[in-house]
Amino acid sequence: MFLGKYECGYDNKGRIFVPAKLRENLSNVVVTCIDDDTLVVFKEEGWEPSKVFGDNITDREKIKVYEDYIYSNSYLCKIDKQGRIKIPDILRKRLNFSNTIVVSGKGEFFLLISMRRYLLDEKKRYEAQREISSMYSEKDLKLTK
């Protein structure tokens, strides 16, 4: 399971350092581009395009178009001995990545997000967290020690 948030380096050769906690038991990954600021990284084993969009799309034609898009924008990549993923050149040309990116665990996958995008979305995340937190007391969350 991929958890946590990390700031990582992105070098001029298109390599991203993956934190040790995220690369445990990984050798090959599938990297998919979903927009100009975000890549999604899955374990190679059991990867399917439907994992990118889940059960949110029910229109069969839209699913087919989106699957075609995902397959044509997905690449098998190896994690090297230094713990880096080399992003294929064809994806690098589309990305708005700078020298530092955010790596964010999302359970079955993790995201590689441009710092610019991450900072733009930070306010939305903070507001959503505060709204949700205000709805519940500690007793409602049933936190145990």
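The numbers here are math on the coordinates, done by the rules we state, and not lab data. Everything numeric here is computed off the predicted structure, so don't read it as measured data. Virtual Cβ from ideal backbone geometry, glycine too; neighbours counted across all protein chains shown.
Check cross-link reach from LYS13 to the aspartates and glutamates: straight Cα distance under 16 Å, and skip same-chain residues fewer than eight apart.
Partners found: ASP80, ASP89.
I want to verify a result. In a Gaussian network model of the chain, Cα cutoff 10 Å, which of these has the top mean-square fluctuation: THR38, THR58, THR100?
THR58
For helix 115-135, what angle does its Cα long axis make with the longest principal axis of the chain, in degrees from 0 to 90 and rounded to 10?
Between the helix axis and the principal axis of the chain, the angle is about 20 degrees.
Express the C-alpha Rg of the range 5-115 as a ratio against the empirical globular expectation 2.2 N^0.38 Å, rounded to two decimals.
The range 5-115 yields a ratio of 1.04.
Enter the Cα centre distance for the pair the range 1-22 and the range 67-127, rounded to the nearest angstrom.
9
Per 0.36 nm of contour for each residue apart, how much would the distance between ILE34 and ALA128 grow if the chain were fully extended, relative to their Cα-Cα spacing?
31.6 nm
Relative to the first principal axis of the alpha-carbon coordinates of the chain, what is the inclination of helix 60-72, with its axis defined by its Cα atoms, in degrees from 0 to 90 and to the nearest 10?
60
With a cut-off of at most 11 other beta carbons within 10 Å, and DSSP calling the residue loop, which trypsin sites (Lys or Arg not before Pro) in the range 1-44 qualify? Please list them.
LYS13
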